[in-house]
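Any read-out appearing in this document is the output of simple, stated calculations on the displayed coordinates, not a laboratory observation. This one's a predicted model, so the numbers in the text were calculated from it and none came from an experiment. So basically every Cβ, Gly included, is an ideal-geometry build from the backbone, and we count neighbours across all protein chains shown.
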Amino acid sequence: MEKAQYAILRFQKYKGPEISQIEAHNERTKGKYASNPDVDTVRTHLNFHLIRPNGAYRDVSNLQIANAHCRTRKDSVRVVEALVTASPEFFEGKKPQEVRAFFEEALRFLEKYQAKDSIISAVVHMDEKTPHMHLTFVPLTPDKRLSAKDILGGKKKLTQWQDRFWKHMVNKYPDLERGESASKTGRDHIPPRIFKEAAHLNQEFDAIRKVAAQITPFNVKAKTAELLKLLDAFAPRYESYLTQCKKYDAAFRQLRTENARLAKEAKANKSESMKRRLKISRQLADYENLRRNVERYAPELLGGHGTRETKGVNR
């Protein structure tokens, strides 16, 4: 039996400094992608734009907002990102022009509901495991208000987005099925970058613990300097990561609950429920281990404390 092929559309809102971070990822402006091991830089030249940005995301967003004379608040959503893709099986055997045609069709769908001149960038990544498109736009309404809430709405409206997207795409790709929405599964979406960043931070913290364990009376000065340098780099990134994760507290709780439920089911049925449980376990493992290890070995990193103390680090 062939696996189902799903059409996938997800949205994410951004307000401030993180806009530059998603730009660096989407536009591949970084030299290395240690926090995202899925990026194969040898294949990056295969990526392509359907809409190229006219400048930095934040600059373009601010200009559009100013030209529309929008009233803004400090916490206003200034950029929305739509992630468009499909099940990996859908892309198997497809030629580059066929892959491009899929994303062009998805772009036509999004332009039906969001003004083309509000779109900052539409770039397709071919250098990760599954082709996908990052489409970023300024959430301007037809009457020129800045309102991601009006455009995306809550779970009910997001479900409607999913319905419309599938109905549009299935006309040209009849084998596609509609994916389950979070409102039906009871799960909120946690972006893959959250789990990938946890994996990378775990590697950094392992290196910190390794250096701390090497300190002896004979090398204390040099090794302590090396340790403090690593901690100084790690601390702000870890605290920024915790801030990002706060937005997904409810989703993490749902994921833990689902993991526990599937663990019980897997004892009786070791097929699909087992596969699903293993996937969730892998997703949670890096996140949970990172929090546990830092809280155990370096409590001074929590709550915005400086890194000039090392007594909490395991030696």
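Quick notes on this one:
- Listed residue pairs exceeding 20 Å between alpha carbons, taken from Lys15/Lys112; Lys74/Lys116; Lys155/Lys247: Lys15/Lys112; Lys74/Lys116
- Over the range 5-185, the Kirkwood radius and the radius of gyration, each from Cα atoms, give a ratio Rg/Rh of 0.96.
- Footprinting exposure proxy for His125, His168, His45 (fewest neighbouring C-beta atoms within 10 Å first): His45, His168, His125
- A DSSP coil position with no more than 12 other Cβ atoms inside 10 Å describes the following GluC sites (Glu not before Pro) in the range 54-137: Glu92.
- Net length available on complete extension from Asp175 to Lys112 is 20.4 nm, with 0.36 nm assigned per residue and the Cα-Cα distance removed.
- FRET efficiency estimate (nearest 0.05) - Cβ-Cβ, Thr29 to Arg292, R0 51 angstrom: 0.95
- Set of the range 106-145 residues, backbone N closer than 11 Å to the point 7 Å along the Cα-Cβ line of Asn54: 117-120
- Between Val220 and Lys94, full extension at 0.36 nm per residue minus the direct alpha carbon distance yields a gain of 39.6 nm.
- Fewest-first ranking of Arg292, Arg58, using other Cβ atoms within 10 Å as the exposure measure: Arg292, Arg58
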